[in-house]
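Report on the structure given below.
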Amino acid sequence: KTRVNPYLPFKIPQKYGLKKILKRSSVLRVGDTKSFWTHNYKTNRDEQITSKLQYSGNYCEIWAKDTSLITQSVAEKMGIEFDKKIYPLIVNNFYQPSDIDGNGKISILCYDIKDNFDSTGTYTGGYFYGGDLTGDDYSNNMEIFYVDTYPAMYDKYDNFHPEYSYETIVHEFQHMVNFNKVFFVDGKDPMEDEPIWLNEGLSQAAEQIYTGNVLK
């Protein structure tokens, strides 16, 4: 199986107030449910799914569509890894995230991303969508990125390993902070003023710093 982390295009509104809070987030608690817009890479269409908040920490919220898989215990381990290791690593080496919804946290939505894995052996490990921060069509109006549960969190024997997602989380979080720097801080168009290869290279570098190993 081969992991890909696709770049999902989005539209930049003609008029947009930099650092504008699109929607003040309500206070959510573990166990609350919420509908999210997600992208179906098999049909190339957007669709809504309902997920449950399984962990809420200092810097992140872990949301899960399948709570029998991403239990509160699993989500807590993922969330602590983000709060204590991934967040400071990215902020110290790259940049800080925006906070358009005013809750001070990054949402990480874990679900089975729809792709063509069954027919191609290639799967979408995760993705970040800049439109979530610009009020684009199908925007969730929040700091969020998306992480695949199957097959990304499984080994070749179909054993479940949620820690397999950590490199993807690092990768997508770099995209998020990069977007903040390029779009909100510098006032540039991320799709026009920064080469995609450079952004992807920074995310690859983030993975390498996190693992301490040279990427193959």
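Things worth noting here:
- Flag if residue 192 is under 14 Å from the mean Cα position of the chain (by Cα) and open to solvent by 40 Å² or more (accessible area, probe 1.4 Å): no
- Meets criteria (without any contact (Cβ under 8 Å) to a residue 60 or more places away in the chain and either in contact with a Gly (Cβ under 9 Å, 6 or more places away or on another chain) or in a helix (DSSP H, G or I) (or both)) for residue 204: yes
- Residue list for region 164-184, filter: open to solvent by 20 Å² or more (accessible area, probe 1.4 Å) and free of Cβ contacts under 8 Å to residues at least 40 places away in the same chain: 164
- Residues of region 154-200 that are outside any loop (DSSP other than H, G, I, E, B), closer than 19 Å to residue 70 by Cα and not acidic (Asp, Glu): 154, 160, 162, 164, 165, 166, 168, 169, 170.
The values are calculated or read from the model by the stated rules, or taken from the named source; none is laboratory data. Small disclaimer: the values here were computed from a predicted structure and weren't measured. We place every Cβ from the backbone using ideal geometry, glycine too, and count neighbours over all the protein chains shown. With ligands, DNA and RNA removed, areas are computed over all heavy atoms of the protein, side chains included. Shrake-Rupley method; radii C 1.70, N 1.55, O 1.52, S 1.80 Å.
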